[in-house]
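**Student:** So that we are looking at the same thing, I have put the structure below in structure tokens.
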Amino acid sequence: MSILRTGTMYGNPHSSIGNQSGSALIVTLLLVTVLVSLVVNFVYEIHIDSSALSNWSNAQRASFIAKSGQTLGSQYMDEIKEAEYSYERELNLPINESFGAGSELTIMIEDENSKFNINSIINQNGSTNEEALSSLKKLLDYLNINPDLALLLADWIDPDSEPRLPYSEETTKDAFLWSSDELQLIVSISPDTYEKIVPYLTVSEKWGRKININTAEIPVLVSLHKDMTGALAKRIIEYREASPFKDWRDVQNISGMNTIGQQIGKTANTKSTDFRVTSTATVNEITRVIESIVDTSKTVRFWREG
Ligand SMILES: [Ca+2]
């Protein structure tokens, strides 16, 4: 309103000098107010921009450090390759390198040969590996999960469309799995069941079913042979805690394991080849995680950044 009025006064040749300077003061004050608010907005925007830039730069640094973590993890592969046998199921790799202020890196190595390879229930030619399928049923049964889930998984993977169970061929992948995460896509597997089974399962197309008896946990050890019980599996664990197996045949030294020990050579071994490497890097509270599955020849079969 006042702007309109002063505007009218400027246009009026009879208006007084006092009125004119009063009007000029109001205009100046308005201009200053507008300028101040512009400057405040500008400073605010610069602050937002620089904070976004700093987050971006922290994220970039975290990403580079997580990648370095993967490289450091692969050094462990060299160690395992040279070793006669391996016996660590999970370990945090010690880190001697410093990545600068506000930065942190952890590297977790997990033995994938301590787990059951789901893909092994189907042969490369698409037929069923009955022995492996029975083993998976035994593993599930030990976890108090309906062993028929193994049949559902077989249908999920095998190339044919002949259901082993009602509806078990509906919306199936009909191909080998790439990652054990894919089990979450199977509607019949509840989140609870998934959480129960996933620690004991892995996915590989490369090896049939080599399980490291130095690192496998009870449900996986039970799957090694039709006559293997939970009690015998516990004996294996007690034995290896005192001295890890250098050779799978050494299980025959355990009482009650003589016959089984002679028959598990196809699936049991004592040196692992495949590992999950999880490197987690944090820079000023921004975290980046890289997960890979890599073997002792340093071939990477799976890579995920998050
Ligand atoms: Ca199928």
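The values are calculated or read from the model by the stated rules, or taken from the named source; none is laboratory data. Computed from a prediction, not measured in an experiment: that's the story for all the values here. Don't worry about glycine lacking a Cβ; one is built from the backbone with ideal geometry, like all the others, and counts go over all protein chains shown.
**Student:** Out of curiosity, is Thr267 surrounded by fewer than 18 Cβ atoms within 10 Å (Cβ to Cβ) and among the hydroxyl-bearing types (Ser, Thr, Tyr)? Even if it seems obvious, please write down each step before you answer.
**Tutor:** Values: surrounded by fewer than 18 Cβ atoms within 10 Å (Cβ to Cβ): no; among the hydroxyl-bearing types (Ser, Thr, Tyr): yes.
Judged against the criteria, Thr267 is not a match.
**Student:** Tell me, which residue of the stretch 158-171 that is surrounded by fewer than 13 Cβ atoms within 10 Å (Cβ to Cβ), within 18 Å of Asn125 (Cβ to Cβ) and of a type in the set (D, E, K, R) is nearest to the ligand (Cβ to nearest atom)?
**Tutor:** Here the residue is Asp160.
One line per residue, one yes/no per condition, for (1) touching a Cys at 6+ places or on another chain (Cβ under 9 Å); (2) farther than 30 Å from Ser63 by Cα; (3) modelled with pLDDT of 95 or more:
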| residue | (1), (2), (3) |
| --- | --- |
| Arg235 | no, yes, yes |
| Ala268 | no, yes, yes |
| Val277 | no, no, yes |
| Ala281 | no, no, yes |
| Val289 | no, no, yes |
| Asp295 | no, no, no |
| Phe302 | no, no, no |
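**Student:** Still on this model: Here are the criteria: (1) over 18 Å from Ala268 (Cα atoms); (2) out of contact with any Ser or Thr (no Cβ under 8 Å at 6 or more places or on another chain); (3) in contact (Cβ under 8 Å) with a residue 24 or more places away in the chain. Tell me which single one Gly73 does not satisfy.
**Tutor:** (2)
**Student:** Follow-up. Out of Ile65, Ile46, Ile107, which single residue is of a type in the set (Val, Ile, Thr) and over 21 Å from Arg288 (Cα atoms)? Can you show your working first?
**Tutor:** Working: Ile65 fails: over 21 Å from Arg288 (Cα atoms); Ile107 fails: over 21 Å from Arg288 (Cα atoms).
Sole residue among the options that is of a type in the set (Val, Ile, Thr) and over 21 Å from Arg288 (Cα atoms): Ile46.
**Student:** Hey, another quick one. Condition check: surrounded by 10 or more Cβ atoms within 10 Å (Cβ to Cβ) and modelled with pLDDT of 95 or more. Does Ser54 satisfy that?
**Tutor:** Considered against the rule, which asks whether it is surrounded by 10 or more Cβ atoms within 10 Å (Cβ to Cβ) and modelled with pLDDT of 95 or more, Ser54 comes out as no.
**Student:** Considering each of Glu88, Glu84, Glu112 in turn, give the residue that is out of contact with any strand residue (DSSP E or B) (no Cβ under 7 Å at 6 or more places or on another chain) and among the acidic types (Asp, Glu).
**Tutor:** That would be Glu84, the only listed residue that is out of contact with any strand residue (DSSP E or B) (no Cβ under 7 Å at 6 or more places or on another chain) and among the acidic types (Asp, Glu).
**Student:** Would you pick out the residues in the stretch 232-262 that are closer than 19 Å to Val220 by Cβ, hydrophobic (A, V, I, L, M, F, W, C) and surrounded by fewer than 19 Cβ atoms within 10 Å (Cβ to Cβ)?
**Tutor:** Ile237, Ile254
**Student:** Residues being within 15 Å of the ligand (Cβ to nearest atom), polar (S, T, N, Q) and within 24 Å of Thr229 (Cα to Cα): count how many of those fall in the stretch 121-152.
**Tutor:** Going through the stretch 121-152 one residue at a time, the tally reaches 1.
**Student:** Pairs, please: C-beta under 7 Å, at least 6 apart or cross-chain, first residue outside any helix (DSSP H, G or I) and in the stretch 225-253, second small (Gly, Ala, Ser)?
**Tutor:** Short answer, once both residue conditions are applied: Lys226/Ser134.
**Student:** Quick check on the stretch 60-72. Is at least one of its residues exposed (fewer than 10 other Cβ atoms within 10 Å of the Cβ), part of a helix (DSSP H, G or I), at pLDDT 75 or above and of a type outside the set (A, V, I, L, M)? Spell out the reasoning first.
**Tutor:** Just the residues of the stretch 60-72 that are exposed (fewer than 10 other Cβ atoms within 10 Å of the Cβ), to begin with: none.
Looking through the stretch 60-72, none of the residues is exposed (fewer than 10 other Cβ atoms within 10 Å of the Cβ), part of a helix (DSSP H, G or I), at pLDDT 75 or above and of a type outside the set (A, V, I, L, M).
**Student:** Only one residue in Asp174, Asp155 is within 15 Å of the ligand (Cβ to nearest atom), on the phi > 0 side of the Ramachandran plot and not aromatic (Phe, Trp, Tyr), so which one is that? First the steps, then the outcome.
**Tutor:** Working: Asp155 fails: on the phi > 0 side of the Ramachandran plot.
After applying the criteria, what remains is Asp174.
**Student:** Restricting attention to the stretch 184-201, and to residues there that are in contact (Cβ under 8 Å) with a residue 60 or more places away in the chain and not hydroxyl-bearing (Ser, Thr, Tyr), which single residue is farthest from the ligand (Cβ to nearest atom)? Give the derivation first.
**Tutor:** To start, the set of residues in the stretch 184-201 that are in contact (Cβ under 8 Å) with a residue 60 or more places away in the chain comprises 199-201.
Still in the list and also not hydroxyl-bearing (Ser, Thr, Tyr): 199, 201.
Values: Pro199: 26, Leu201: 19 Å.
Top of the filtered list is Pro199.
**Student:** Something else about it: Give the residue that is surrounded by the fewest Cβ atoms within 10 Å (Cβ to Cβ), with candidates limited to residues of the stretch 270-306 that are small (Gly, Ala, Ser) and farther than 30 Å from Asp250 by Cα. I'd like the intermediate steps shown before the answer.
**Tutor:** Step one: list which residues in the stretch 270-306 are small (Gly, Ala, Ser), which gives 272, 279, 281, 292, 297, 306.
After this cut, where a residue has to be farther than 30 Å from Asp250 by Cα as well, the list is 279, 281, 292, 306.
Numbers: Ser279: 25, Ala281: 25, Ser292: 19, Gly306: 9.
Once the filter is applied, the top-ranked residue is Gly306.
**Student:** How many residues are surrounded by 15 or more Cβ atoms within 10 Å (Cβ to Cβ) and assigned to a helix (DSSP H, G or I) when one looks only at the stretch 117-130?
**Tutor:** Residues of the stretch 117-130 that are surrounded by 15 or more Cβ atoms within 10 Å (Cβ to Cβ), as a first pass: 117-122, 128-129.
Narrowing further to those that are assigned to a helix (DSSP H, G or I): 118-121.
Qualifying residue count, the stretch 117-130: 4.
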